[in-house]
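Written below as structure tokens is the structure these notes are about.
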Amino acid sequence: MSIVLEKQWNGDNARTKGKEPVSTPEQTNSIASCEDRRTVGIATVNNPRIRCVDVNVYYGNKHAIKNISLDVAHNEIIAMIGPSGCGKSTFLRCLNRMNDTIDNCTVTGKIELDGQNINDKSIDVVPLRARVGMVFQKPNPFPKSIYENVAFGPRIHGLAKDKTDLEEIVVTSLQRAGLWREIKDCLNQPGTSLSGGQQQRLCIARAIAINPEVILMDEPCSALDPIATAVIENLMNELCCDYSIVIVTHSMQQAARVSHRTAYFHLGDLIEVGKTEQMFTNPIHQLTSDYITGRIG
Ligand SMILES: Nc1ncnc2c1ncn2[C@@H]1O[C@H](COP(=O)(O)OP(=O)(O)OP(=O)(O)O)[C@@H](O)[C@H]1O
Ligand SMILES: [Mg+2]
């Protein structure tokens, strides 16, 4: 997995306005202090799929996300970690404008998908959310059959030229989500009749059926047992050949197993971003170190 990213990174360091990087792994072994809230590490990549610059989110007067600049590379899995309430889900929702649905929520800054500002007035959120799909913590199949759960998106987005084509998209998506063999004989059963792990894979099949560029996953395995979790993690590994995946997780073991880079959030600040192995073995920031060693959170 890391080989793909080695090609794309090229030693870019944190690029921020008003949040200059204090250090990079190459420059120093010293630890940034707890008081220092500037982002350290590798926050940018060459040719990003998503580029966020100075993103702020407010819920009314509450400043939930503070001046965050972060890129998502093509074909990478980037994990967002940090204590509860630090802003991981809020940041994730910025990436497909799901915060638009929350009253009193204001987002500022620039978020580009393939160079296009997604907050531009001309952007229609429906096709945007097809390009940047989302899988939630709790699987949320539509109250429809397994088949219809997957067919719905391609149909409304006009991705299939006829019925046969639609069937092929459904079958391929279910195969790629690792669910096909288990459900191929009961496609007309309700999606809600599946187990939790199967429902989560159904939601992933639904997300990939519309051919997204990015998949956002907010704690997708938190309700699953270790076997179902392993199935989803293997799936993520395969899907990142085609997509970029941004995953929020409370499991540092999961972040270590699946992600190429990890971003550590703390009270609305993006504290550190780096290659996952380096973050977990040799963090630059004291707050990251405290979190991964269990001293905070
Ligand atoms: N709809 C909302 N209205 C007001 N404040 C909110 C809303 N959603 C989140 N917040 C606040 O924004 C901050 C960040 O919340 P967020 O849900 O993004 O954290 P998180 O890191 O995802 O936490 P967790 O790990 O518990 O899911 C928190 O202080 C939270 O109380
Ligand atoms: Mg959350």
For this session: Could you work out how far apart the two model spin labels at N282 and C34 are, taking each label as a point 7 Å from the Cα in the direction of the beta carbon, and quote it in nm?
Result: 2.5 nm
Exercise. S195 to D225: extension gain in nm, 0.36 nm per residue of separation minus the Cα-Cα distance?
Worked result: 9.7 nm
Exercise. What Kirkwood hydrodynamic radius, in Å, does region 133-195 give when the mean of 1/r is taken over all pairs of distinct Cα atoms and then inverted?
Worked result: 12.2 Å
For this session: Calculate, in whole percent, how much of the Cα-Cα pair population of region 228-297 lies beyond 14 Å.
Result: 60 percent
Exercise. In deg cm²/dmol and to the nearest 500, what is the mean residue ellipticity at 222 nm of the chain if only DSSP H runs of at least 4 residues count, each as -39500 (n - 2.57), divided by the residue total?
Worked result: -9500 deg cm²/dmol
Seminar exercise, completed: Binned at 5 Å starting from 0, the alpha-carbon pair-distance distribution of the chain in whole percents comes out as 1, 6, 12, 16, 18, 16, 13, 9, 5, 3, 1, 0, 0
Exercise. For I156 and E182, what is the calculated FRET efficiency with R₀ set at 41 Å and r taken between the beta-carbons, to the nearest 0.05?
Worked result: 0.95
Exercise. In what order do L216, L128, L202 fall by count of nearby beta-carbon atoms within 10 Å, going from fewest to most?
Worked result: L128, L202, L216
For this session: Pop the C-beta distance of K138 and S251 into the FRET formula with R0 = 25 Å and round what comes out to the nearest 0.05.
Result: 0.95
Problem set entry | Ellipsoid semi-axes in whole angstrom, largest first, where each is sqrt(5λ) of the Cα gyration tensor of region 59-165 | 29, 17, 15
For this session: Please list the equivalent ellipsoid semi-axes of region 182-231, computed as the square roots of five times the alpha-carbon gyration tensor eigenvalues, in descending order and whole angstrom.
Result: 18, 17, 9
Problem set entry | Estimated vicinal HN-Hα couplings, Hz - region 68-78 in sequence order (Karplus 6.51, -1.76, 1.60; Gly, Pro = x) | 8, 10, 7, 9, 10, 7, 5, 6, 10, 10, 10
Problem set entry | Over 23 Å between alpha carbons, listed pairs K62/K88; K121/K163; K138/K163; K138/K161; K121/K161; K88/K110 | K121/K163; K138/K163; K138/K161; K121/K161
Exercise. By how many nm would the segment from K110 to Y58 lengthen if fully extended, with 0.36 nm per residue of separation less the alpha-carbon distance?
Worked result: 17.2 nm
Seminar exercise, completed: Working note, region 147-297: Cα radius of gyration (Å, one decimal) and Dmax (Å, whole number) are 17.9, 57
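No lab work stands behind these numbers, since they all come straight from the coordinates. These numbers were taken from a predicted model, which means no experiment stands behind them. Backbone-built Cβ (ideal geometry, glycine too); neighbour counts: all protein chains shown.
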